[in-house]
Amino acid sequence: MHQAAPWHNVRLMSKKPPHQADDTRVTTLGRDPHANFGVVNAPVYHASTILYPNYEDLRDHKYPFSPYGRMGTPGTNTLEVALAELEGAHGCRLCPSGLNAVVTSLLSVAGSGEHVLMADNVYEPIRMAADSVLKRMGLSITYFDPCDPLEAIAAQFTATTKAVFAESPGSLTFEVMDIPALADLAHDRDAVLVVDNTWGTPLHFKAFQHGADISVHACTKYVSGHSDVMLGAINYSKALAPRVEKTFRSLGLCAAPDDVYLALRGLRTMAVRLERHAESAVFLAHWLTKQPGVARVLNPMLPGDPGHKIWARDFLGGNGLFGVELVPGNDKQLAAFFNSFELFGLGFSWGGFESLAVPGHWRSARTVSKTLPQGPLVRLHVGLENVEDLRRDLEKALTAYNAAAND
Ligand SMILES: *Cc1c(COP(=O)(O)O)cnc(C)c1O
């Protein structure tokens, strides 16, 4: 007999024993081959209309997923369940981009006349949304220095503060925040903590165990992993489920089924990819600290980094993304540096299999941070190529940077 299911609460195929390790779970979560003729990967369903055989089934939502394509097809539901389970969230919603997932989260937890405290080192386009659309909706936003002691952040709460938004490690400069302490602070003031956990991934930073109420992911990055998908995810706690669900559905958001399929396929190899990204990144970061032309390496995976202690305490692994501060130089030197790469591609985003390098323009993106790099900043994404090939590529670029100083 079929039990009527409230489709938005369905936790599809959640039968994997909890004793399995996460690198097993990324390969199994949400898969049910024998529901699909034995096919290993769940097929892509393109749908707006979902048909029901009769009135009773329509009335009772016969199928264990949404009754309309906008709220997702079975693939959407599978990835949502996998991401929620992996991070220990109550539920998950997929959005068309990571940026959209952040903005939707903030609209879920604050409204007109209410205040949001935002870390100064969040992904820059989020500031654009905060300072334009969110302000126009009547939210007030103030920025805090992620390196400030907790008491200084506490002093920035107001009577209307509803949410704290943080990203750790932060974009471009990679400061690590004490998320459990920040969560306690927010909860003491009846506010919620929303984190952008794109760097951490649902595998390596368990945001809910560390007190977050919402954890947002740009699945565009490591979850997809192949530089061909735009996708975001909102993982949320049980307490916030009604607000996130209502906001998500009211905005008519919808992730494309083909993109969801690619992200789900990416998820299956994410554990092993991250391991290789991190191993190569640590090797190169360490090597870079000793090279002429390098002022500082900004990477919490390195023992000497100011964020290392908290990173080692709270994170289960790392990845390939970090920053390099060069010794002061001019634009001609930067051109020589970037133009000499063979393997590091020049382009935005990260998390794919390939190495990337971009200048880190943090100056325009910060308003309250007190400790910032002086020299030019480069953001590297270390891909899955042979690490010695990558080292040679970086060596060539640094040689060109240093030589151009005398031109
Ligand atoms: C890329 C990124 C985003 C935005 O994701 P998109 O899918 O590109 O919209 C948000 N936060 C962080 C930390 C990112 O790196």
Leaving out ligands and nucleic acids, and using a 1.4 Å probe, what accessible area per residue does the stretch 185-331 come to in Å²?
39 Å²
Percent of C-alpha pairs per 10 Å bin, the stretch 304-363, short to long:
16, 41, 33, 10, 0
By a straight-distance test (C-alpha under 19 Å), which lysines pair with LYS396 as possible cross-link partners, with residues fewer than eight away in the same chain excluded?
LYS290, LYS332
Working only with C-alpha atoms, what are the Rg and Dmax values of the stretch 260-407, expressed in angstrom?
15.7, 51
Mind checking which lysines have their Cα closer than 26 Å to the Cα of LYS62? Skip sequence neighbours fewer than 8 apart in that chain.
LYS15, LYS16, LYS238, LYS246
Cβ-derived FRET efficiency at R0 25 Å, ARG265 paired with GLU56, nearest 0.05:
0.10
Using a cut-off of 12 Å between alpha-carbon atoms, which aspartates and glutamates can reach LYS135, once sequence neighbours fewer than 8 places away in the same chain are excluded?
GLU114
Looking at the chain as a GNM with Cα springs under 10 Å, which of MET118, MET137, MET301 has the largest mean-square fluctuation?
MET137
Distance between modelled label sites at ALA35 and ALA403, nm, 7 Å Cα→Cβ extension
5.9 nm
Of all the accessible heavy-atom surface of the chain, with the other protein chains kept in place and a 1.4 Å probe, what percent is carbon and sulfur?
56 percent
Rh by Kirkwood over Cα pairs, then Stokes-Einstein D for the chain at 1.567 mPa s and 4 °C, µm²/s:
58 µm²/s
Between ALA207, LEU384, SER97, whose Cα lies farthest towards the positive end of the dipole of the chain when Lys and Arg beta carbons carry +1 and Asp and Glu beta carbons carry -1, centred on the Cα centre?
SER97
What are the principal axis extents of the Cα atoms in the stretch 123-240, in Å, biggest first?
44, 33, 31
Pick from VAL244, VAL103, VAL297: which residue has the top mean-square fluctuation in a GNM of the chain where Cα pairs under 10 Å get a spring?
VAL103
Taking the Cα centre of the stretch 210-343 as origin and charging only Cβ (+1 Lys, Arg; -1 Asp, Glu), how large is the dipole, in debye to the nearest 20?
340 debye
Using helices alone, I'd like the mean residue ellipticity at 222 nm for the chain: each DSSP H run of four-plus residues gives -39500 (n - 2.57), total over residue count, nearest 500.
-10000 deg cm²/dmol
Where in the stretch 65-107 is the amide nitrogen less than 18 Å from a point lying 7 Å along the Cα-to-Cβ axis of ARG243?
89-93, 101-107
What are the principal axis extents of the Cα atoms in the stretch 76-167, in Å, biggest first?
42, 30, 24
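Not counting the cut sites, what is the longest span of the chain without chymotrypsin sites (Phe, Trp or Tyr not before Pro) that DSSP labels loop and that have at most 12 other Cβ atoms within 10 Å? Can you show the working numbers first?
Numbers: sites that count: PHE37, PHE348.
It runs 38-347.
The values are calculated or read from the model by the stated rules, or taken from the named source; none is laboratory data. Computed from a predicted structure; not experimentally measured. Because the Cβ atoms are built from the backbone with ideal geometry, glycine has one as well, and the counts that use them run over all protein chains shown. Accessible surface is based on the protein model in full, side chains and every heavy atom, while ligands, DNA and RNA are left aside. Shrake-Rupley method; radii C 1.70, N 1.55, O 1.52, S 1.80 Å.
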